[in-house]
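See below for the structure under consideration.
The values are calculated or read from the model by the stated rules, or taken from the named source; none is laboratory data. Owing to the predicted nature of the structure, the values given are computational and were not obtained by experimental measurement. Here the Cβ is made from the backbone with ideal geometry for all residues, glycine too, and neighbour counts use every protein chain on show.
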Amino acid sequence: MGVDFSNFQQTLMWVIAHGYLIIFLVMCVEGPVTTAAAGFAAALGYFNPWIILSISILGDLIPDSFYYAVGYFGRGPVVEKAARYFGLNQARADRIELKLREHFGKTMVALKLTPVVPTFGFMLVGYLRLSFIKFTKYSSAVTVPKSITFLVLGYFFGRLYDINQYLHYAEIFFPIMVIVILGGIIIYNKISARIANKLEKL
């Protein structure tokens, strides 16, 4: 049976049934909801929250590094095919390259916050042989706060849920908690999109 990782309740049940390694692999693809669900499960005693935080961060940074490596060790045609695959024309790709060279930090943050574009953008960073250390630094600057936010959000509501079980309000509390967590994810995505749009205009 497939799991809808955009569904918090399904994700929560799934992470409780699996170990750290499998959760990490899923976090490489779908991080926020899985991190919040794992944080909730950690609050209930199923996992160590520090390990969950670590694999959440790694689950975000390792794919970024992989795309960087593809660009670094690949050739121009590889990056060009990636641009076409993600619907980016040559003019758009050239503009991203120019911004990377002139405003590396700001452009890295914009790429990290913009849906879909990071894959091509990180390949381009590698292809241009730009500093991997700086690449990791700016990628981490977005990843670490995001992982902490969703872990704390899930853990906090997990603790409240655990208390409410003894107060017999769990049936009412859980739906409210799901709405708040998903609302937090939606708000985060909207804020990220606004930041990315502003940075892209620089």
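Quick rundown of the values:
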| read-out | value |
| --- | --- |
| Evaluation of Glu30 against (1) outside any helix (DSSP H, G or I); (2) more than 19 Å from the chain's Cα centre (by Cα) (one fails), failing number | (2) |
| Identity of the residue in segment 43-86, of a type in the set (A, V, I, L, M, F, W, C) and outside any helix (DSSP H, G or I), that ends up farthest from the chain's Cα centre (by Cα) | Leu44 |
| Test: residue in segment 54-72 that is loosely packed, with under 15 Cβ neighbours inside 10 Å, modelled with pLDDT under 85 and at negative phi | no |
| Only one of Val117, Val109 that is modelled with pLDDT under 80 and within 22 Å of the chain's Cα centre (by Cα) | Val117 |
| Residues of segment 131-156 that turn out to be small (Gly, Ala, Ser), closer than 25 Å to Ala69 by Cβ and buried (at least 20 other Cβ atoms within 10 Å of the Cβ), as a count | 2 |
| Pairs, first over 25 Å from Lys146 (Cα atoms) in segment 60-81, second in a helix (DSSP H, G or I) and among the hydroxyl-bearing types (Ser, Thr, Tyr), C-beta under 6 Å, six or more apart | Gly71/Tyr127; Val79/Tyr127 |
